[in-house]
Structure formats: C-alpha cells, structure tokens
Amino acid sequence: PQSPTNLPRSPTPCPMDDERFDGMYMNMAGQLGGIDPLLDGFFGFLRRKTDFFTGAASADAAEATVLKALSKNKERAEEDAREKAAKERKRKAEEEARRARVAAERAKQQKQEDESRIVDVTDEPAASASGEGGAAGDAAAGDAA
C-alpha cells in the first residue's frame, strides 16, 4: 500500500476549496445512501490501500489528522455561514433602501401630480364661476325685460 505521504498531492493550493471532485462525491454519497456510508467507504479505502492507520508515528496520529481536517473544515463552514448571513443582511438592507427610494420617488411624483391637479381644479371653478355668473346675469336680465 502507498503511504499517505506518498499519495499524489492536489495541485490546488487549498484542497478544501477544490471542487473538481464534488460531482463524484455527490454521486458516491447518493449511491451509498448518505454521508455516513461515504465516510465509512473513504476510511475503508484508507485502511485497505494505504498505511494511514498503521504507518503513523503514533497510534493517535491518524485520529489527530482526521480531527485536524474536521476542525479546519468546520471552522471554514462556520465562516462561510457568517459570510452568507452578512451578504443576506446587506442584500436585504440594499433592497429596503431601494424600496424606500422607489416609495420616495412615487410620493414625489404623486405630490407633483396632486399639486398640478390643485392648480387645474382651482382654475376650473374660477372659469366656470365667471361663466355661470354671466349666464345667470343674462337670465336675470331676460326676466327683467
């Protein structure tokens, strides 16, 4: 069996972010029935094909290696969750600000429309009042004659 130190290294600088095998892992997890069987299969591979468990400097080295990888990825998952939550808060704040701008613009337009209606409305009664006064005066003049 190959030693874990002799296994080919990933060419990417951060294997946690290496997405090349995501499809394969998803396929395997689906075929095996979940995460637990996937992990069992992976550790079985390490047991059968490498000296991961038997070739370590100490009896606890394999467990320490696994816990180190688990801890590193758990911290990264928590960081990703915090970043996602911050982005969502920012998105909601931007959406709320956009809605407020739209509402303010609508209110401004409505105010302008209302003001222009007020001007039109005040002009109409004045014109109709002078027209009515002329007609009423004509009618009164006709009655008097």
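Of the residues making up region 95-107, those that are of a type outside the set (A, V, I, L, M) and open to solvent by less than 100 Å² (accessible area, probe 1.4 Å) are Glu95, Glu105. Residues in region 46-71 that are closer than 22 Å to Asp18 by Cβ and loosely packed, with under 11 Cβ neighbours inside 10 Å: Lys68, Leu70, Ser71. Flag: Glu96 matches the condition of being farther than 30 Å from Leu46 by Cβ and either without any contact (Cβ under 8 Å) to a residue 24 or more places away in the chain or not in a helix (DSSP H, G or I) (or both). Among the residues of region 36-64, those identified as without any contact (Cβ under 8 Å) to a residue 12 or more places away in the chain and of a type in the set (Ser, Thr, Tyr) are Thr54, Ser58. Filter region 33-92 for residues that are of a type in the set (Val, Ile, Thr) and part of a helix (DSSP H, G or I) and give the result. Correct list: Ile35, Thr65, Val66.
The values are calculated or read from the model by the stated rules, or taken from the named source; none is laboratory data. As the structure is a prediction and not an experimental result, all values here were calculated from the model. Every residue, glycine among them, receives a Cβ derived from its backbone with ideal geometry; neighbour counts consider all protein chains shown. SASA here: full protein model, heavy atoms, side chains in, ligands and nucleic acids out. Shrake-Rupley method; radii C 1.70, N 1.55, O 1.52, S 1.80 Å.
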